[in-house]
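What follows is one structure encoded as structure tokens, with my remarks underneath.
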Amino acid sequence: MTRTGRSSSNSTTLDITRRLTTCAAAVAAFGMMSAPAMADIVIGEVGGTKLSMFGIIDVGMLYNSEANAAGDSKTSMETSGLRQTVIGFKGERELDTNLTAFFNLESHFDTNNGFLHGTGDASGTGPGGINTPLFRRQANLGVRGDWGSVTLGRQYGPALLAHIGTEPRAFKEQFSNLYAWAYGQLFTTANPNNGDGRNTNNDVGIFMNNAVQYRNTWGPVTMGVLYSFGGQAGDFKDNSAYALGLTYNGPITLSGSYQAFHDEQSGKKVVDHTSLGFAIPFGDFTWKNNWMKAKNDNTAGTQQFDVDGLGTGIDWKWHPKNTATLAFYLNKDDVNKTDETKFIVISNDFQWRPDTTLYVQAAFADADPGATLRTSIVAAGVTAGEKSTLINVGLNFMF
């Protein structure tokens, strides 16, 4: 039902939604989270070089009971409720004993309209000012062996990768702290080059440009460390970024990460992001907890915001094909005290087969009057000052 006539003074709309409409969708995440369930299709193998492709197609319907300050509801077709919609290509060839070269190309598009997905890259940084890269998610080349791997180019940073097993909803596309993570690091990137602080080497703190990353696994411990070269004349730190992610997978799962971004002109640190998590399995249940803190400063060192995101939840494998999740999120900006949002999420994933999932998920949001995208777990945000119910039903198809 649609209601009208509510005074807009009863709630404050998101102050950044219009300015960053494309970024609201662009935060989307992570082929690497779904990759273990995808079976790459080998499309060619010639002269010792193997080429393969993979993809995810995801689309569903989303209902929002409070889509605006007037109290109007909204029902829409939305891409990527469970995982992002992508198509990608991989290649590898053996160079020597214990040495393999590989590449990754991964593009991101929207199922509901077929367009390339938006981006969180800094405005005007693409060739000719284009800001929707063809391979938004990955465009890299590397080598690997039993000593680990080294990857160069645009790629996933190691920080978020470390927490996939401890975030209550595994950073699903809708209704997880994927968005608090991304929006907590997006705004510095989106700033103009005027002293507010800007780093053009990252896309929502997830995808890194001009980057070199080393990854390896030692027993139960996996580590990734990354450095993005600033490429600026003068100070080596200008526009640089670095990140570290650690995961321990034993009887319990532990995760930790840190990453920082430097301003492209002054070299001042303008983003400081820390996250910790743990997961404890017991029978058919797994209890997951993740905490993150995103600090953004301008080049003068004045704090712009300081977002704390806390998520806790339980997965229940109640049937061989069904997993239910109950999660709670509390996100707040310690600098802007009225920017706080609380969420309860209930969901069920039904796997017809390992590569095809029907999902049903609902979020119940309570947003303070000053709530912004920074404290949201919903891609487009929720209406500030309102309590709202969101329901998302969709189908996820992987190959």
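The values are calculated or read from the model by the stated rules, or taken from the named source; none is laboratory data. Note that this is a predicted model, so its numbers are computed, not measured. Quick reminder, even Gly has a Cβ in these numbers, built from the backbone with ideal geometry, and neighbours come from all protein chains shown. For accessibility, only protein heavy atoms count, side chains too; no ligands or nucleic acids. Shrake-Rupley method; radii C 1.70, N 1.55, O 1.52, S 1.80 Å.
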Quick one: count up the residues across region 98-115 that are in a loop (DSSP other than H, G, I, E, B) and either under 30 Å from GLY60 (Cα atoms) or modelled with pLDDT of 95 or more (or both).
6
Which listed residue, of LEU62, LEU95, is surrounded by fewer than 20 Cβ atoms within 10 Å (Cβ to Cβ) and either over 19 Å from LEU373 (Cα atoms) or at pLDDT 95 or above (or both)
LEU95
Going by what's in this entry, would PRO133 be described as under 14 Å from ILE206 (Cβ atoms) and part of a loop (DSSP other than H, G, I, E, B)?
yes
Qualifying residues in region 65-92 (those that are basic (Lys, Arg) and over 16 Å from PHE397 (Cα atoms)) - the one surrounded by the most Cβ atoms within 10 Å (Cβ to Cβ):
LYS90
Extreme residue, farthest from ASN201 (Cα to Cα), among residues of region 226-280 that are within 18 Å of the chain's Cα centre (by Cα) and of a type in the set (A, V, I, L, M)
LEU276
Residue ID - nearest to LYS317 (Cα to Cα), chosen from residues in region 349-363 that are touching a Phe, Trp or Tyr at 6+ places or on another chain (Cβ under 7 Å) and surrounded by fewer than 18 Cβ atoms within 10 Å (Cβ to Cβ):
LEU358
Could you pull out the residue among LYS332, LYS342 that is closer than 21 Å to THR166 by Cβ, open to solvent by 70 Å² or more (accessible area, probe 1.4 Å), modelled with pLDDT of 95 or more and of a type outside the set (A, V, I, L, M, F, W, C)?
LYS332
Among the residues listed as ALA384, ALA371, ALA300, ALA379, the single one being open to solvent by 70 Å² or more (accessible area, probe 1.4 Å) and part of a loop (DSSP other than H, G, I, E, B):
ALA300
Mind checking whether some residue in region 90-105 is under 20 Å from the mean Cα position of the chain (by Cα) and under 29 Å from PHE278 (Cβ atoms)?
no
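Condition check ((1) open to solvent by 40 Å² or more (accessible area, probe 1.4 Å); (2) within 18 Å of MET208 (Cα to Cα); (3) touching a residue at least 60 places away in the same chain (Cβ under 8 Å); (4) among the acidic types (Asp, Glu)) across all residues:
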| residue | (1), (2), (3), (4) |
| --- | --- |
| LEU99 | yes, no, no, no |
| SER107 | no, yes, no, no |
| THR125 | yes, yes, yes, no |
| GLY145 | no, no, no, no |
| TYR156 | no, yes, yes, no |
| GLU173 | no, no, yes, yes |
Some residue of region 178-194 being in contact (Cβ under 8 Å) with a residue 40 or more places away in the chain, outside any loop (DSSP other than H, G, I, E, B), in contact with a Gly (Cβ under 7 Å, 6 or more places away or on another chain) and closer than 30 Å to TRP318 by Cβ
yes
In the set ARG144, ARG137, ARG169, which member is closer than 23 Å to GLU264 by Cβ and of a type outside the set (Asp, Glu)?
ARG137
